[in-house]
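Report on the structure given below.
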Amino acid sequence: MKNYYQLNFLDKPLDENYRWPDHEFSPRAWYYWQFYNETLKEVIHPDLLAWSQQHDLNLNGVHLFCAPPRTRQGIHIDGNGEPPLFAINWILTATQSSMTWHRSLIQKVTEGHIDHAYHSWQEHECEEIERFSNISGPVLVNAQVPHRVINDTDEWRYCVSVRFPGSFHTWEQCVEFFMPYITVAGNTPLS
């Protein structure tokens, strides 16, 4: 089973009135903003919020990422695995960037990072097993497998990531739920 699936899904994740933080960016720094509970309603598009409520999904996290040109993120998993984290990502710029998944070659110890437990790897501690490039539209991603973003473009990469913690217990269950929205080239549903 793949670690990502292109979705035929809502194409506007952000509320039309939301504006990205306006400040001077350092040319090598990655930026990250997170919104939970009531504050996510200021960020998320009302159609996405209504869809998640209609399907009884626990949409309680919106993460905004901004990656500088010509950079690579560290290899990591999101959170500590409890509950499993799966996400829908919308890449708004730098759509020629890549997301890669990796197999760990060593046992990892949990570290503290960004207000939650975090696992990270050096490149020699894992091997790449999957890559997704030319990203456009929403993509369902498995954030419980070591992964990273590679922005080899000349533009800043803006990404909106919505999370449904606790809504799915396994990646397989998550993929099964989203199967009606999963497409391949030509918008043909996967079987």
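Structure notes:
- Extended-chain gain in nm, criterion 0.36 nm per residue less alpha-carbon gap, residue 152 and residue 179: 6.7 nm
- For the chain, relative contact order (Cα pairs under 8 Å, six or more residues apart, normalised by length) works out to 33 percent.
- Over the chain, DSSP H runs of length four or greater, each weighted -39,500 (n - 2.57), average out per residue to a 222 nm ellipticity of -2500 deg cm²/dmol.
- Global form of the chain, assessed from the alpha-carbon gyration tensor, a/c cut-off 1.5: rounded
- Cut-off 13 Å between beta-carbons: net charge of the residues surrounding residue 100, Lys and Arg +1, Asp and Glu -1: 0
- Extension gain from residue 20 to residue 38, taking 0.36 nm per residue of separation minus the Cα-Cα distance: 4.7 nm
- Rel. contact order, % - alpha carbon contacts under 8 angstrom, at least six apart, the stretch 34-91: 34 percent
- Gain upon complete extension [residue 170, residue 125; 0.36 nm per residue less C-alpha separation]: 13.7 nm
- Placed amide H near residue 93: partners under 5 Å, 5+ positions off or other chain: 158
Rule-based calculations on the coordinates, nothing more; no lab input. Keep in mind it's a predicted model, so treat the numbers as computed, not measured. For neighbour counting, all protein chains shown are included, and Cβ atoms are generated from backbone atoms with ideal geometry for every residue, glycine included.
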